[in-house]
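Q: I have a structure I would like to understand better, so I am pasting it below and will then ask my questions one at a time.
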Amino acid sequence: MARPRQIQDEELLAAARKLFVRDGIGAPTRAIAAEAGISEGVIFQRFPTKADLFFAAMIPPAPDVEALLDRASAIGDPCEQLEEMALAMLGHFRELMPILLPLVTHPSFQAHGFMERHHDGSNPTLEGGLCLHLERERSRGRIELEDPAAAAQLLVEALHTRALHERLEGGDAERSDERVRAMVRALWSGLAAAKGSNEGETK
């Protein structure tokens with residue numbers, strides 16, 4: 001009798017993730033086993049329930065915040081720099097959406113508990129990294145900004161929503177990139193205008 005194939009958990013979870021992303025939470029475990037090249041029994045030796053397998057497979061990838069923000073570090077113009085950072089973050093959200101959408105539709109999904117279990121706090125968030133960048137720009141006198149945290153939150157949430165709309169609408173990525181650039185320029189114009197506007201109010 002042939003010995004059962006040995007497989008690492010990472011390989012099994014990758015096979016499960018592929019089918020859950022493609023077929024949703026209804027993807028059968030027998031199909032996942034076939035994709036991984038193992039018996040269905042091996043799955044349940046490692047993951048007691050299908051829900052356990054699903055949530056282990058669908059942990060969203062953590063962003064490499066430093067790499068995403070450093071992508072634009074060589075750009076001299078601060079507005080163009082922020083545009084490139086935004087596009088890099090949008091790219092991360094594009095990769096995230098196919099995993100996130102099936103995850104949040106699972107009837108047992110609870111966002112707070114899930115994130116507590118699977119986020120150890122060692123990696124800075126995109127919002128936190130962007131906030132630090134904006135604070136540095138402000139300290140260098142390259143940007144007028146009262147609340148870097150709020151600006152970072154606004155931009156990150158807008159990018160997340162843009163990626164969701166792309167997924168739902170099947171939109172053109174190139175057109176979406178232009179929308180992001182326009183969105184950053186609109187935000188930048190608002191920030192730049194703030195000082196002059198305040199000065200006008202006090203006269």
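Q: Regarding A67, is this residue part of a loop (DSSP other than H, G, I, E, B), of a type in the set (A, V, I, L, M) and at pLDDT below 90?
A: no
Q: Separate question: Looking at (1) within 30 Å of L134 (Cβ to Cβ); (2) loosely packed, with under 12 Cβ neighbours inside 10 Å, find the lone condition where D70 falls short.
A: So the condition that D70 fails would be (2).
Q: Just to verify a result, which residue in the range 106-132, among those that are assigned to a helix (DSSP H, G or I) and at pLDDT 90 or above, is farthest from the chain's Cα centre (by Cα)?
A: L132
Q: Let me confirm something: among A88, A62, A72, A31, which residue is free of Cβ contacts under 8 Å to residues at least 40 places away in the same chain and in a loop (DSSP other than H, G, I, E, B)?
A: A72
Q: To continue, here is another question. Just to be sure before I move on: is D52 exposed (fewer than 15 other Cβ atoms within 10 Å of the Cβ), of a type in the set (D, E), under 17 Å from G128 (Cα atoms) and over 14 Å from the mean Cα position of the chain (by Cα) in the structure I sent?
A: No.
Q: So, one more: If we keep just the residues of the range 159-176 that are surrounded by fewer than 17 Cβ atoms within 10 Å (Cβ to Cβ) and aliphatic (A, V, I, L, M), which is farthest from C131 (Cα to Cα)?
A: That would be L168.
The values are calculated or read from the model by the stated rules, or taken from the named source; none is laboratory data. This one's a predicted model, so the numbers in the text were calculated from it and none came from an experiment. Every residue, glycine among them, receives a Cβ derived from its backbone with ideal geometry; neighbour counts consider all protein chains shown.
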